[in-house]
Amino acid sequence: MSGAMGIMAKHNLELLTNLTVRNLKIKYKGSFLGFLWSLITPLLQMLIYTVVFSVIIRVQVDWPFAVFLLTAQLPWIFFSSSLTMGAGSVIEHANLVKKVYFPREMLPFATVLSNLIGFGITLLILAVFLIGYRIPITRYIILLPPAIFFLFLFTLGLTLITGCLAVFFRDIFHILEVVLLFWFWSVPVVYPLSLLKDLPESYQWFARIYKLNPMVEILELFRHAFLYESWPPLKHVLYAGIWSFAMTIAGYWMFKKLEPLFAREV
Amino acid sequence: MIRWTLIDLAGQRRQKEFFWALKDVSFNIKSGETFGIIGENGSGKSTILKLLSGIILPDEGTVSIQGRISALLELGAGFQPDLTARENIYLNGSIMGLTRAQINTRFDNIVRFSELDKFLDTPIKYFSSGMYMRLGFSIAVHVEPDILLIDEVLAVGDQSFQHKCIDKIRDFKRHGKTIIFVSHDLATVKQLCSRAVWLNNGRIDSRGTADKVIEQYRESIQDHDAGVLAEDYRSIETEMEKRWGGREIEITRVEFFDRSGQSTHQFRTGDMFRIKISFNARHRVSKPVFGIAIHRNDGVHINGPNTKFSGEVTEYINGSGAIWYETDFLPLLPGTYNLTAVVYNYSCDHPYDHHDQMFPFRVLPGCTDEEYGVCFIPGRWKYEGDHGKITS
């Protein structure tokens, strides 16, 4: 039953659905504002960044800063929270992993899926701001599905890796915290990518390294879909796509490789 | 088969020591067979079940299985306390590999079996541990596997639910399912299993028919056990919370004897049972009342005879002496029991010396196959009306 075919088996799909629904239920059960929290947190974050980067530091962008920010900030929140929660997904179910056999990749998978649903809900905030600022939806919106798809695959792959590494090294949580901090500032969320073009010649090597980061192109896809009114270069899309698929395959492979050891180590 | 190591992704072994949890353990189980695995804690029983259910993989050797497995390694593993019983049935069912449609068809049976219909929409964090177990067992057995793995789970729940579980397992047997049963409860293993293995430190010590293996296992633990009980007895003597009284008379020693006059802590149902209570009175005490009480180790109070009830009160005692309590026929069913030995004044309101449940003894299966309840009442059955005798 293990192997790629196993994921597609009907009862596994239902297990995935049940685990995902369970994640969502547990996240909001018992809290007064319930799922509203998944709107409030990003809104407050947006508020802080907007004040800092458009009032205090005054980063120049061609769009209302809040909208500009949200287009990349929301995917980023999905990415980072999946990674953090996914890292704990296997070890939090130690009891289950030790006592019942089921395909364990369902645990990080369900974490990413429930975050994806949360992400979908937060897109409503973006919709409200787009309407509020009268920014029209253009034909470039068809870039949104591939953008989400690539983001999802890339996140899933990495989450599978953090999920299984956490079984063996609890350090992963600390490492992840630092890595995500670095990563956040090395992608164009609070500043536009165009700033890199203005770098002096002697710093162009930095721009080249910067763009190796696949999250740069994935997040740019979102801005193309909502704001840029231009098509991204095909090679950028391919770069993001190849990374996403490769990450999923690598993550799944690694997870399955280490899975037999989980019950002993967790 | 299984080697425990600490792996290090950098390729270096941080810990070189390992031990084999199981070694040279091979057996075949035929479809439809009920197979028992017995042994001490840590002998590798549970490891076998984990191997069979695919939770861990062997480092060497192979496991091959035909059919769908359901493992009752721990009831309610994966239950979510915040979700309701209904939600947990669906979640747990899908973890065990059922589709939603399959759970739907089994749902009513699961609920009926667990007797939790009134609490379906209660978050299970409000459940008692018994209710929790009932729900867990109920889901696990309704997976309708070809092979059922059971690990010690029957030790939970109240008596009536335990019987229900055993009945359900018998039901499985009748339907030709394969059952692998791991337990300390030898009586149940004997009842259910046709063949068994006895594991000792990860190796098979004995294999064959369940009766034979259990008998060998029993003999080996009896020697060991008698030592442990005697040990308990000694260490308990110093435990003062369980002893009180004015000590005008002191109970200095309590011993158990069998028919042949041998001191022992083990009896069989129906055996002769004798207790000797040695005492020492510092000065003359008139009309002391001696008594005992027997409790099962789960606290059930069995009886409490004393010399006053029996009209055996002496006028006085002085100095050291002993009093015997005997019965030709010990009616207790197998289990561990604790004896209380006391001496009181005649109106029984002042303890001279009270040793509360301080003297353990064990009862092994003896003159009867009965297993329910506390004691064996030597009754008879009689038919009336048209009936026939079984001739075989």
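The values are calculated or read from the model by the stated rules, or taken from the named source; none is laboratory data. What you are looking at is a predicted structure, and each value in this text was computed from that prediction instead of being measured. Positions of Cβ are generated from backbone atoms using ideal geometry, with glycine treated the same way; all protein chains shown enter the neighbour counts. When the accessible area is computed, the model is the full protein with side chains, heavy atoms only, and any ligands, DNA or RNA have been set aside. Shrake-Rupley method; radii C 1.70, N 1.55, O 1.52, S 1.80 Å.
Could you work out which residue, out of A:70, A:36, A:83, moves most in a Gaussian network model of chain A, that is, has the largest mean-square fluctuation with Cα springs under 10 Å?
Between A:70, A:36, A:83, it is A:36 that shows the largest mean-square fluctuation.
For residue B:308, give me every one of the aspartates and glutamates with a C-alpha distance below 17 angstrom, ignoring sequence neighbours fewer than eight places off in its own chain.
Within reach: B:326, B:349, B:353.
If you line up the long axis of helix A:214-223 against the longest principal axis of chain A, both from Cα atoms, how many degrees apart are they, to the nearest 10?
For helix A:214-223, the angle is close to 60 degrees.
Mean shadow of the stretch B:69-123, computed from the convex hull of its alpha carbons, in nm²?
Convex hull of Cα atoms, orientation-averaged projection: 3.8 nm².
Quick one: in the stretch B:8-133, what % of C-alpha pairs are over 23 Å apart?
Within the stretch B:8-133, distances greater than 23 Å cover 52 percent of Cα pairs.
Return the single residue from B:85, B:281, B:101 with maximal mean-square fluctuation; model: Gaussian network over chain B, springs between Cα atoms under 10 Å.
The residue that fluctuates most here is B:101.
Kindly provide the chymotrypsin sites (Phe, Trp or Tyr not before Pro) of the stretch A:1-100 that DSSP labels as loop, not H, G, I, E or B, and whose Cβ sees at most 15 other Cβ atoms within 10 Å.
A:32
Hey, could you get me the Stokes-Einstein D for chain B, Kirkwood radius over alpha-carbon pairs, 25 °C and 0.890 mPa s, rounded to whole µm² s⁻¹?
After rounding, the answer is 99 µm²/s.
How much of the calculated P(r) for the stretch B:18-222 lies past 20 Å, in percent of all Cα pairs?
57 percent
On the protein heavy atoms, probe 1.4 angstrom, tell me the percent of accessible surface of the stretch B:92-170 carried by carbon and sulfur.
Solvent-exposed carbon and sulfur of the stretch B:92-170 make up 50 percent of the total.
With every atom except the alpha carbons ignored, what do you get for Rg and Dmax of the stretch A:4-265, in angstroms?
In order Rg, Dmax, the Cα atoms of the stretch A:4-265 give 19.2, 60 Å.
Helix A:10-28 sits at what angle to the longest principal axis of chain A, using alpha carbons and giving 0 to 90 degrees rounded to 10?
60 degrees
At 1.4 Å probe size, with the rest of the protein present, what percent of the exposed accessible area of chain A is carbon and sulfur atoms?
C and S atoms contribute 73 percent here.
Just flag the GluC sites (Glu not before Pro) in the stretch B:47-94 sitting in loop per DSSP whose Cβ has no more than 14 other Cβ atoms within 10 Å.
Qualifying residues, ordered by number: B:60.
Nearest 500 deg cm²/dmol is fine: what mean residue ellipticity at 222 nm does the protein assembly as shown get from its DSSP H runs of n ≥ 4 alone, each adding -39,500 (n - 2.57), divided by its residue count?
-14000 deg cm²/dmol
Place a +1 charge on the Cβ of each Lys and Arg in the stretch B:239-364 and a -1 charge on the Cβ of each Asp and Glu, then give the dipole magnitude about the Cα centre in debye, rounded to the nearest 20.
140 debye
In debye, nearest 20: dipole of the stretch A:4-265 around its Cα centre with unit charges on the Cβ of K, R (+) and D, E (-)?
560 debye
For the stretch B:239-364, report the translational diffusion coefficient in µm²/s to the nearest whole number, using Stokes-Einstein at 10 °C, 1.306 mPa s, and a Kirkwood Rh over Cα pairs.
Roughly 107 µm²/s, to the nearest whole number.
What's the ranking of B:243-249, B:27-33, A:20-26 by average number of surrounding C-beta atoms within 10 Å, highest first?
Packing order, densest peptide first, comes out as A:20-26, B:243-249, B:27-33.
Can you give me the angle between helix B:159-174 and the longest principal axis of chain B, using Cα atoms only, in degrees from 0 to 90, rounded to the nearest 10?
For B:159-174 against chain B, the angle is about 40 degrees.
Accessible area lost on pairing B with A, both sides, 1.4 Å probe, Å² to nearest 100?
In total, chains B and A hide about 2700 Å² from solvent.
Just the number, please: carbon plus sulfur as a percent of the accessible area of the stretch B:239-364, 1.4 Å probe, no ligands or DNA/RNA counted.
45 percent
At q = 0.09 Å⁻¹, work out log10 I(q)/I(0) for the protein assembly as shown with the Debye formula, treating every Cα as an identical point scatterer and leaving solvent out; two decimals please.
-0.91
Treating cross-link reach as a plain straight distance, find the lysines whose alpha-carbon is under 28 Å from the alpha-carbon of residue A:257, omitting any fewer than eight places away in the same chain.
A:10, A:98, A:99, B:16, B:23, B:45, B:50
Do any residues of the stretch A:22-48 lose at least 30 Å² of accessible area when the full set of protein chains is present rather than just their chain alone, and if so which, with a 1.4 Å probe?
Buried-area filter returns A:22, A:25, A:26, A:29.
Quick check for you: with a 1.4 Å probe and neighbouring chains kept, what is the accessible area per residue of the protein assembly as shown, in Å²?
50 Å²
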